[in-house]
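Below is one structure, written out as structure tokens; the observations come after it.
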Amino acid sequence: MDIRVKCTDEEPEALEQEIPARRQRLLQFTNCRLVRGHRIIHEDLWVRDGRIVNPEPVFFDERAKAHCRIDCGGAIVAPGYIDLQINGGYGVDFSHDTETIEEGVAMVARGLVKSGVTSFCPTLVTSPSDSYHTILPRIPAEVSRGAGILGIHVEGPFINPQKKGAHPEHCIQTIDKGLSTLKETYGSLDRIKIITLAPEKVTDPEVIGQLVERGITVALGHSMASLSDGEGAVQQGATLITHLFNAMLPFHHRDPGLVGLLASDAVPHGRTVYFGIISDGVHTHPAALRIAYRTHPQGLILVTDAISALGLEEGVHHIGQLPLEVKQGKAFIAGTETLCGSIAPMDECVRIFQKATDCSVVYAIEAATLHPAQCLGIEQQKGTLDFGSDADFILLDDQLRVLSTWIAGVCVHRTAK
């Protein structure tokens, strides 16, 4: 699928240089199939000022024509992928590289666009308090020509040590003084978008509602919680489960634990419980992917849970305070057989999920676009190709391989032919 560009003025040398970021510049993407309204439609995509626009008033009221027409060669045009849980990549560990965090986040943001990710939440695993105080204020709010930063996901330290996974046990804490504990631990809550905690480790359940009132999504994970514990947290405002099936009690028919929230009748009416799931071919068996998909499809969110070894060769690296080893396509805590994160990029996770579940192409894409946007309450700006939304989108071939990535209507990556 070849992408061709024709503009009314100069002919640029490359697609990335072809469309300068000028105000009021109207772009028309033709010969494409849009993922819109839960289906694939044959329609042009119009972009101006970094947003997707309705062409009707452009035609009939403004009588304007496109400054540039981009022939997409029959490609699928989908919203850009959104990753709510990623610990690093390309040799960068967000929880460990405290002295170079700005450069590290920028490197990852620019790398992620290659796999179609246009927005993400840098994720910090359980760390000492002074690490949070150092790192959180220094994570950049935006990166030029890189995936957008939606806010920070702090995965810990308020988790259960019995389900610590790759989190250092000596750094784990309990919320015993309400919001004061969180402020003392993190230094500030201003940049935080998601907090993963173990509900059974929260002594004051009102803390969850107080976090939600601040616009923070509360996720449940790394937990020994019963279903009742999880339902109580959801009734207080929790809306997300962190990497379903991993670092939680296994499903049991007498007490299904956090997994049971997918079918609970105690979830408040009108509220959706979302759950991240890692479809990297390692963390979650294909049958488990199918169970989750068939049980609660509207809440399923694909996450990578990627670590610093994403994009690197086999060898020893690190995740937070712990060394890790990549071998045979998997990442382990060094010297053990404990999995500690994924090294599969988001586009690969989408392909694996679609094949494992035999879901529609549209659903597989929405699990990495619309659903995470809905979870964070940003679906008016991200996760769709609706009129007025941000022009963050990707071009895909029929095998769901990324051809190019666009952020605010600007091409930030194009796969080499």
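The values are calculated or read from the model by the stated rules, or taken from the named source; none is laboratory data. Remember, predicted model here, so these are calculated numbers, not experimental data. Note that we place each Cβ from the backbone using ideal geometry, even for glycine, and neighbour counts take in every protein chain shown. Ligands, DNA and RNA are excluded from the accessible area calculation, which covers all protein heavy atoms including side chains. Shrake-Rupley method; radii C 1.70, N 1.55, O 1.52, S 1.80 Å.
Of the residues making up the stretch 333-377, those that are more than 22 Å from residue 407 (Cβ to Cβ), touching a helix residue (DSSP H, G or I) at 6+ places or on another chain (Cβ under 7 Å) and not aromatic (Phe, Trp, Tyr) number 5. Against the numbered list (1) small (Gly, Ala, Ser); (2) open to solvent by 60 Å² or more (accessible area, probe 1.4 Å); (3) closer than 20 Å to residue 37 by Cβ, residue 383 comes up short only at (2).
Across the stretch 260-280, the number of residues qualifying as in contact with a Ser or Thr (Cβ under 9 Å, 6 or more places away or on another chain), surrounded by fewer than 22 Cβ atoms within 10 Å (Cβ to Cβ) and part of a loop (DSSP other than H, G, I, E, B) comes to 3.
Number of residues in the stretch 289-322 that are surrounded by fewer than 18 Cβ atoms within 10 Å (Cβ to Cβ) and under 15 Å from residue 251 (Cβ atoms): the value is 3. Please verify whether the stretch 299-319 includes one or more residues that are farther than 22 Å from residue 379 by Cα, at pLDDT 90 or above, assigned to a helix (DSSP H, G or I) and not charged (D, E, K, R). There is no residue in the stretch 299-319 that is farther than 22 Å from residue 379 by Cα, at pLDDT 90 or above, assigned to a helix (DSSP H, G or I) and not charged (D, E, K, R). Between 230, 260, 281, the distinction of being within 30 Å of residue 358 (Cβ to Cβ), at pLDDT below 95 and in contact with a helix residue (DSSP H, G or I) (Cβ under 6 Å, 6 or more places away or on another chain) belongs to 281 only. Residues satisfying the criterion are absent from the stretch 206-213 (criterion: touching a Pro at 6+ places or on another chain (Cβ under 7 Å) and not small (Gly, Ala, Ser)). Exactly one residue out of 331, 288, 309, 292 is over 13 Å from the mean Cα position of the chain (by Cα), touching a residue at least 12 places away in the same chain (Cβ under 8 Å) and under 19 Å from residue 114 (Cβ atoms), and it is 309. Please tell me if residue 280 is over 20 Å from residue 206 (Cβ atoms), touching a strand residue (DSSP E or B) at 6+ places or on another chain (Cβ under 7 Å) and among the charged types (D, E, K, R). Judged against the criteria, residue 280 is a match.
For the stretch 52-66, the condition of being modelled with pLDDT of 95 or more and either out of contact with any Ser or Thr (no Cβ under 6 Å at 6 or more places or on another chain) or over 30 Å from residue 349 (Cα atoms) (or both) holds for at least one residue. Screening the stretch 333-346 for residues that are open to solvent by 20 Å² or more (accessible area, probe 1.4 Å) and outside any loop (DSSP other than H, G, I, E, B) and picking the one that is modelled with the highest pLDDT gives 333.
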